[in-house]
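Here's the structure we're looking at; comments come further down.
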Amino acid sequence: MPKTTSVRSKSRLRRTPMLRRSRAALWSKRAWRPRLVFWFGALTVGLTSVLFAKLADGAQHLFASLTTAPGVGTVAMLLVPPLGFALSSWLALTYFPNSQGSGIPQAIAARHLEADAERGRLLSLRVGFGKIVLTLLGLFSGASIGREGPTVQVGAAIMMAVGRAGGAMHARGLILAGSAAGIAAAFNTPLAGIVFAIEEMGRAYEARTNGLVISAVVVAGLASLALTGNYTYFGESEAVVGSAEGWVLVVVCGVLGGALGALFSAGALRLLRRLRRWTKGAPRRVVGAAALCGLVVALIGFASGGTTFGTGYEQARAAIEGGTLSPLFFVGKFAAGLASMVSGIPGGIFAPSLAVGAGLGSTIGLVIGGGAGLAAILGMTGYFAGVVQAPMTAFVIIIEMTGNQTNVVPVMLTALLGFGTARLVSGEPLYHSLSRDYVAEALRRRRLDEARNDA
């Protein structure tokens, strides 16, 4: 018996230093500094997202005030968009390269690049600052763009910067965390932020990044809640599928929404590639093409009475609340969104896509019946799933934005139908197709640098 006790006590003595060392490592400065810096970065993403949202709303209101002012409204409506698009394009080319477009393709491309310098060209604080300023300029110019995609690039850039400062150089995980935090704070949709990181940003998702993504979403979400409160982006909707007409809406909105969303993506990719070939090496042509796209947006806005300018948030919310939009609103918004994206100015497509989908659903609801608010939600889901070809992100973000927890299965089915139809119409996912251009440019630049060094 004494011998057994002696063996146990020796074993306990051997384990005690190990426990002390592990506890010391847990509470050491080296272990906690990267975590604190990371949480500071996530907090910064949340605060930046809220500030960006308020500034974006202000830019839209300024444009609306200018275009409705007595005596100068019509002139401003026709002149401000082309001039603003041209200025935004020139500033992006001259001072903020790689800030063009949505920002999500740049974040995806950065995850595929190995060199820190190559990532830095796409995700720097300078690019992030330019992204915010030029997106605001686009909204002040009436562009049919949103701030949500740009928030992804800004969030990823902030997390990359704080990661370098804090010694946490898991670049791919930081980009995922920043992207997810940006989406979560922009829409107040924490689940959608996580799903977006897994489905759209990650594709080959690594389990070890779970903690990074979730903690970034939580911290950024807390910052957003502290400043704006717990709100639902489109308010609360109680629309449910409770009849045969409702299930017909599910199928029609899913199929037609997915097909139209795929046409948007395919059309944007084709036009962007043609413009890229035409403007290659000619900055004046790039700025001129942007001005022409701005003129198209101005003419569409003038013809629609100003309803197609900006994000389309007010129109989408009105449709979800049961209001009826013009039957051709979705056509004008589709064209304005396409022209805004093809122009190359900084700005996202999330919010305009939701507006197009709500308008499409509203028109389908007028024809089929089944409830205007329900039709708008289902149209929004089908079209959004068709544009981004990410069905999980589509149905989670719609459910969270409308607060409609009783409509999960119909919305999920609509997203799947939209995604399936989009894949049949166009097999090219928009964001990933655009990200390959940034990767190709980085590889081309690398080869040129290697050739110079060899020479």
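The values are calculated or read from the model by the stated rules, or taken from the named source; none is laboratory data. This one's a predicted model, so the numbers in the text were calculated from it and none came from an experiment. FYI the Cβ positions are ideal-geometry reconstructions off the backbone, even for glycines, and counts take in every protein chain you see. These area figures cover heavy atoms from the full protein model, side chains too; ligands, DNA and RNA do not enter into them. Shrake-Rupley method; radii C 1.70, N 1.55, O 1.52, S 1.80 Å.
For region 332-455, the share of accessible area belonging to carbon and sulfur comes to 62 percent (1.4 Å probe, ligands and nucleic acids excluded).
Over all Cα atoms in region 343-398, the spread is summed up by Rg and Dmax: 12.0, 39 Å.
Binning all Cα-Cα separations of the chain at 20 Å, short to long from zero, yields these whole-percent fractions: 25, 54, 15, 5, 1, 0. Between the Cα long axis of helix 148-166 and the first principal axis of the chain there is an angle of about 20°, rounded to the nearest 10. Ignoring aspartates and glutamates fewer than eight residues from residue 333 along the same chain, the ones with Cα atoms less than 15 angstrom from its Cα are 314. Taking Cα atoms only, the orientation of helix 329-342 departs from the longest principal axis of the chain by about 60 degrees.
Distant-in-sequence amide contacts of residue 146, defined by a placed amide H-H separation under 5 Å and a gap of 5 or more residues or a different chain, comprise 348, 349, 350, 351. With protein chains left intact and a 1.4 Å probe, residues in region 299-455 average 36 Å² of accessible area per residue. What the Cβ-Cβ distance of residue 245 and residue 54 gives, at R0 = 56 Å and to the nearest 0.05, is a FRET efficiency of 0.90. Within the shell of other residues whose beta carbon sits under 10 angstrom from the beta carbon of residue 404, the net charge comes to -3, with Lys and Arg scored +1 and Asp and Glu -1.
Note on region 306-455: percent of Cα-Cα distances in each 10 Å bin, starting at 0 and stopping at the bin with the largest distance, equals 11, 36, 29, 11, 7, 4, 1, 0.
Measuring between their Cα centroids, region 66-105 and region 223-268 lie 29 Å from each other. Taking a sphere under 10 Å around the Cβ of residue 171 and counting the other residues whose Cβ falls inside, with K and R at +1 and D and E at -1, yields a net charge of +2.
How much mean residue ellipticity at 222 nm does the chain get from its helices, if each DSSP H run of length 4 or more adds -39500 (n - 2.57) and you divide by all residues, to the nearest 500 deg cm²/dmol?
Calculated mean residue ellipticity at 222 nm is -26000 deg cm²/dmol.
Any idea what % of Cα-Cα pairs in region 118-176 are farther than 15 Å?
Summing the P(r) tail past 15 Å for region 118-176 gives 50 percent.
Output the relative contact order of the chain, whole-number percent, from Cα pairs under 8 angstrom with separation of 6+ residues. Averaging sequence separation for qualifying contacts and normalising by length gives 22 percent for the chain.
Relative to the longest principal axis of the Cα atoms of the chain, helix 2-26 runs at roughly 40 degrees. When the alpha carbon coordinates of region 235-342 are projected onto the principal axes, the ranges are 57, 28, 22 Å, largest first.
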